[in-house]
Amino acid sequence: MAFTGRTDTVGGGADRRSALSRYALLPLRVFLGVTFVYAGLDKLTDSVFLASSGPGSLGELMRAVRDSAAIPGLVDLALKNPVGFGYAIGIGELAVGIATLLGLFARVAAVGGALISLSLWLTVSWATTPYYYGNDLAYLMAWLPLVLAGAPIFSADAALRRRRFRWGRRAFRGRRGRRGGLPA
């Protein structure tokens, strides 16, 4: 079975591994993107969550975790305006998820996702014992490969990169033709 890479058809061996490695982060990107879109929409459409008090509200959750948080100051900041904070987290998760799925400013979106996960880990799930029961730390670690690698395939970033490369090549050929040789 042949696998089609970017410019060549690869049958197997090291070439196949190299071609497949370009797609290695795609499942992670799709998972994190879908999860963050869902989490953002879930928060933004839940009037109980977006209340400043009452069972199931963000305000009640923040008051419950305040004394066990690694950084109580973050919780205090959220408690100043729980509804606004809830909207900020929901909109942030939605924006990060959409950008991750599209691969638009992928590294910036991944940093945003990592910061959201870090803030949730240091506040809401900090006291979870053992630590690996809390999912926010796992999400933080999952964002790091995307922070480092971005979205090299099936992404708006890759399309923009290809477009800039083609435009740059055209400009280079135009300069070479006018000067009669390669630029100095």
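Below are the figures for this structure:
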item	result
Filtered residues of the range 53-80 (kept if outside any helix (DSSP H, G or I) and either of a type in the set (Lys, Arg) or touching a helix residue (DSSP H, G or I) at 6+ places or on another chain (Cβ under 9 Å) (or both))	Ser53, Gly54, Ser57, Ala69, Ala70, Ile71
Some residue of the range 46-68 being under 28 Å from Ala158 (Cα atoms) and surrounded by 14 or more Cβ atoms within 10 Å (Cβ to Cβ)	no
Criterion (at pLDDT 95 or above, farther than 16 Å from Tyr139 by Cβ, part of a helix (DSSP H, G or I) and open to solvent by 70 Å² or more (accessible area, probe 1.4 Å)) met by exactly one of Val83, Val108	Val108
Thr100 open to solvent by 60 Å² or more (accessible area, probe 1.4 Å) and out of contact with any Asp or Glu (no Cβ under 9 Å at 6 or more places or on another chain)	no
Cβ-Cβ under 8 Å pairs, at least 6 apart or on other chains, the range 99-119 side farther than 11 Å from Gly33 by Cα and in contact (Cβ under 8 Å) with a residue 24 or more places away in the chain, far side of a type in the set (D, E, K, R) and assigned to a helix (DSSP H, G or I)	Leu104/Asp157; Phe105/Asp157; Ile116/Glu93; Ser117/Asp136
Scan of the range 111-154 for residues that are farther than 18 Å from Ser21 by Cα and not in a helix (DSSP H, G or I), ordered by number	Val124, Ser125, Trp126, Ala127, Thr128, Thr129, Pro130, Gly134
Failed item in (1) modelled with pLDDT of 95 or more; (2) out of contact with any Gly (no Cβ under 8 Å at 6 or more places or on another chain), with Gly134 passing the rest	(1)
Every residue from the range 141-184 that is aliphatic (A, V, I, L, M), open to solvent by 40 Å² or more (accessible area, probe 1.4 Å), modelled with pLDDT of 60 or more and more than 19 Å from Ala24 (Cβ to Cβ)	Ala159, Leu160
When residues of the range 113-140 are limited to those that are within 13 Å of the chain's Cα centre (by Cα) and open to solvent by less than 100 Å² (accessible area, probe 1.4 Å), the one nearest to Ala78 (Cα to Cα)	Ile116
Yes/no for Ser21 being of a type in the set (Ser, Thr, Tyr) and either open to solvent by 80 Å² or more (accessible area, probe 1.4 Å) or modelled with pLDDT of 95 or more (or both)	no
Residue count for the range 24-45, restricted to those that are open to solvent by 60 Å² or more (accessible area, probe 1.4 Å) and in contact with a Gly (Cβ under 9 Å, 6 or more places away or on another chain)	5
Contacts under 6 angstrom Cβ, first residue in the range 66-85 being in contact (Cβ under 8 Å) with a residue 24 or more places away in the chain, partner in a loop (DSSP other than H, G, I, E, B), 6 or more apart	Ser68/Ala127; Ala69/Trp126; Ala70/Trp126; Val75/Ala69; Pro82/Ser52; Val83/Leu50; Val83/Ser52
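The values are calculated or read from the model by the stated rules, or taken from the named source; none is laboratory data. Keep in mind it's a predicted model, so treat the numbers as computed, not measured. Please note: Cβ atoms are built from the backbone with ideal geometry, for glycine as well, and neighbour counts cover all protein chains shown. Keep in mind that these areas ignore ligands, DNA and RNA; they rest on the heavy atoms of the full protein, side chains included. Shrake-Rupley method; radii C 1.70, N 1.55, O 1.52, S 1.80 Å.
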